[in-house]
Amino acid sequence: MFRLTVIYDNRANQDFTASWGFAALIETNRETLLFDTGWDGPLLLRHMKKLNIDPTRIRKLVLSHQHWDHIGGLPEILQANPGLEVYVPASFSENLKREIEKRAILIEIREPVEISQGIRSTGELGDRVKEQALILDTGNGSYVLTGCAHPGLAAILDTASHYGKVKGILGGLHDNEEFERLGGMELIAAGHCTAHREKIKEIFPAKFVEIEVGLRVDLE
């Protein structure tokens, strides 16, 4: 089982602050990982404090792509937890990779690879915007976690399907209109940059979950 907590998003419940960007915490029975950082590091840390998340517990940080609203909180996270393992698409700028290496253990991602037990990167996908997503394998099907899904749902889900049945997707879905690729899923949790949120909700009302800061989902 994975416990996923949204700690940064454009929408937030009354206890938190909405801000453009995305970040989610993934907890397993072995370790804690952070996926993206939003853009405002101090706000990210305030949300963590409210959620009783100790940043020093995080063992690995996965950055989906090099856009400001997904990596802006990186300096604060690395200051709070030096020596963190940071997984980035190999296409990240050389200057940024050098800066990360000064403060953390940098791992460049090109091909699909296991990052933690049951957690695999799709590898670097896409042409115009290079991006990685995560595949969370519960042993009873998998869930895909995306930052913005710039490479398109087809590319992401085709890759994820190599490792078993995809039961759900969570994260930003950008302007993707490949709605048929969401058919048969048990969970569609859309947030951040999802342009067609209302359309997806209309097509899949029973499966749709609105992402907001503070959302906590157990995936099994």
Among 174, 42, 208 - extreme Cα towards positive end, dipole of the chain, charges at beta-carbon: 42
From the square roots a ≥ b ≥ c of the eigenvalues of the alpha-carbon gyration tensor of region 115-203, which class results: rounded (a/c under 1.5), prolate (a/b over b/c), or oblate? oblate
One would report the antiparallel percent of DSSP beta bridges in the chain, rounded to the nearest 5, as 50
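Quick check on the exposure proxy: order 91, 142 from fewest to most C-beta atoms within 10 angstrom.
On the way: 91 17, 142 24.
So the ranking, lowest neighbour count to highest, is 91, 142.
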What residue among 173, 34, 51 shows peak mean-square fluctuation when the chain is described by a Gaussian network model with Cα springs under 10 Å? 51
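Between residue 117 and residue 180, what is the FRET efficiency for a Förster distance of 35 Å, r being their Cβ-Cβ separation, to the nearest 0.05? Walk me through the intermediate numbers first.
Working: r = 32 Å, r/R0 = 0.92.
It comes out at approximately 0.65.
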Once you put a point 7 Å from the Cα of residue 195 and another 7 Å from the Cα of residue 79, both along the Cβ direction, what distance in nm separates them? 3.6
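Taking region 55-108, which chymotrypsin sites (Phe, Trp or Tyr not before Pro) meet the DSSP loop condition and have no more than 11 other C-beta atoms within 10 Å?
Qualifying residues, ordered by number: none.
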Largest fluctuation, 11, 98, 120 only, Gaussian network model of the chain with Cα springs under 10 angstrom, belongs to 98
Which peptide among 148-160, 107-119 comes first, and what is the full order, when sorted by highest mean count of other Cβ atoms within 10 Å? 148-160, 107-119
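Every read-out reported here was derived from the displayed coordinates using simple, explicitly stated rules and does not represent laboratory data. All values derive from a computational prediction rather than experimental measurement. Backbone-built Cβ (ideal geometry, glycine too); neighbour counts: all protein chains shown.
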